[in-house]
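Everything on this sheet refers to the single structure shown next.
Bear in mind these aren't lab numbers, they're just calculated from the coordinates by the rules spelled out. Keep in mind the model is a prediction, meaning the values are calculated, not measured. With ideal geometry, Cβ positions are generated from the backbone for all residues, glycine too; neighbour counts draw on all protein chains shown.
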Amino acid sequence: MPFPKRRLMTPGPTQTPQSARLAMARELINHRTDEFRALIAEAIEGLKYVFRTANDVMILSSSGSGAMEAAVVNAAPRGGKVVVLESGKFAERWRRIAEAFGIEVVRCELPWGQAFAPEQVAELLKRHPDAAAVFATLMETSTGVGHDIAGIGRVVGQTPALFVVDGISGVGVMECRTDEWGIDILVVGAQKALMTPPGLAFAAISAKAWRQIESFRPPAFYFDLSAYRKAAALGDTPYTPAIPLVLALVESLRLIRQAGIENIWARGRLLAEAVRSGVAALGFRLVAERPAEGMTAAHPPAGVDAKLFLRRLEARFGVKLAGGQGPLKDRIVRIAHFGQIDEFDILGLLAAMELVLVELGQKVKLGSAVAEAQRVLSASAARGDG
Ligand SMILES: *Cc1c(COP(=O)(O)O)cnc(C)c1O
């Protein structure tokens, strides 16, 4: 590649729109000003629109895991009990945070790649009526599973437990109706489907959650959500926010609103189907039994080393995909199809994957993956849903 070009297709961080990047280049302003308060207000309105919520939304200057920690320490006191639905690297993080704060964790575990059934959660809550919260994941980025958050929300909503959802990567590409689905605390990250550079995280908090949060003193200072609530009443954040990132976020949210969130969800479903059909034609096997719509995780065909394949794809075409984590390390590839990633990127990626497989000595019919994806995309165009 004489003139290298980067094609970032990892499930976080992701490509950011030019207007968002340029917004960060403007001169810095002070945050205790009406000018910045107006931007915070616009960002919060935009986030509420994307999250489908009328609940309070807090902006934290941290990565997504910071918002996860905030959710855990504010949802349950030390010595309290919570349920964690664990079937992947990020769900495991819920448990590890809770353990770090001396919270008793009831583990509901499934092999990586599997999805929880609402009945399982109902059964567990019957045995643990004293659980303060249930922690779940919308899109498990380590396996590409999309969990049934609507179904699980219906179950948890009938109990005193809070329903806490990691929507860090899924929100902004997958359908997520915070209020309708009874999500009490939703945490989201900036650098996934919201197309903003890393460093901001968000938490949407229901009235039920606020009652619980204010019933005890959380072992936290920076992540004490009551402080955020107090500041938000004045249009502020309690501490200095990542100002340039807020400027970028406002731009990205403008683009999302223009596109319309329901259209974005529909597009996520379409791109997911195109990617799944394409990689299946090349002999890849999905990790997820219930695949999410913002990304695809897949095992390469027998005889192909995932790490070598990814390295080759990047060296040859500048395409950056993600590999596996935990027990899937060096065994799978993970492809994001959210945010700015579009049909052209998907077709180009599949064509590049075909070439790399051929170069690695695999028997691949050139054009087969591209043709499968094209079939999906043209059927959708013919139905007029593009
Ligand atoms: C990326 C991700 C996280 C972690 O977010 P950081 O910003 O890296 O802290 C947590 N959960 C899910 C589902 C993610 O995709």
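Taken about its Cα centre, region 137-279 carries a charge dipole of about 120 debye when Lys and Arg each add +1 at the Cβ and Asp and Glu each add -1 at the Cβ. In summary, the aspartates and glutamates within cross-link reach of Lys48, defined as a Cα separation below 17 angstrom excluding same-chain residues under 8 places away, comprise Asp56, Asp166, Glu175, Asp179, Glu180, Asp184, Asp236, Glu251, Glu262.
Here region 1-57 is treated as a Stokes sphere of Kirkwood radius computed over C-alpha pairs; at 20 °C and 1.002 mPa s its diffusion coefficient rounds to 147 µm²/s. Using a Gaussian network model of the chain in which every pair of alpha carbons under 10 angstrom is joined by a spring, one finds that among Gly189, Gly144, Gly157 the greatest mean-square fluctuation is at Gly157.
The sum of -39500 (n - 2.57) across all DSSP H runs of n ≥ 4, divided by the residue count of the chain, sets its helix-only mean residue ellipticity at 222 nm to -13500 deg cm²/dmol. When a/c reaches 1.5 or more, the comparison of a/b and b/c decides; with that in mind, is region 140-259 rounded, prolate or oblate per its Cα gyration tensor? Here region 140-259 falls in the oblate category.
The trypsin sites (Lys or Arg not before Pro) of region 177-209 that DSSP puts in a loop, and whose beta carbon has at most 16 other beta carbons within 10 Å, are Arg177. Reported to the nearest whole Å, the Cα centre-to-centre distance from region 305-353 to region 87-118 is 27. Charging the Cβ of each Asp and Glu at -1 and of each Lys and Arg at +1, and nothing else, the dipole of the chain about its Cα centre rounds to 700 debye. Using the Kyte-Doolittle scale, which helices in the chain average at least 0.0 and also have C-alpha atoms spread 27 Å or more along the helix axis, with helices defined as whole DSSP H runs? What comes out of the filter, once short or polar helices are dropped, is 261-281.
For the chain, the alpha-carbon coordinates run over 62, 54, 39 Å along the three principal axes, in decreasing order.
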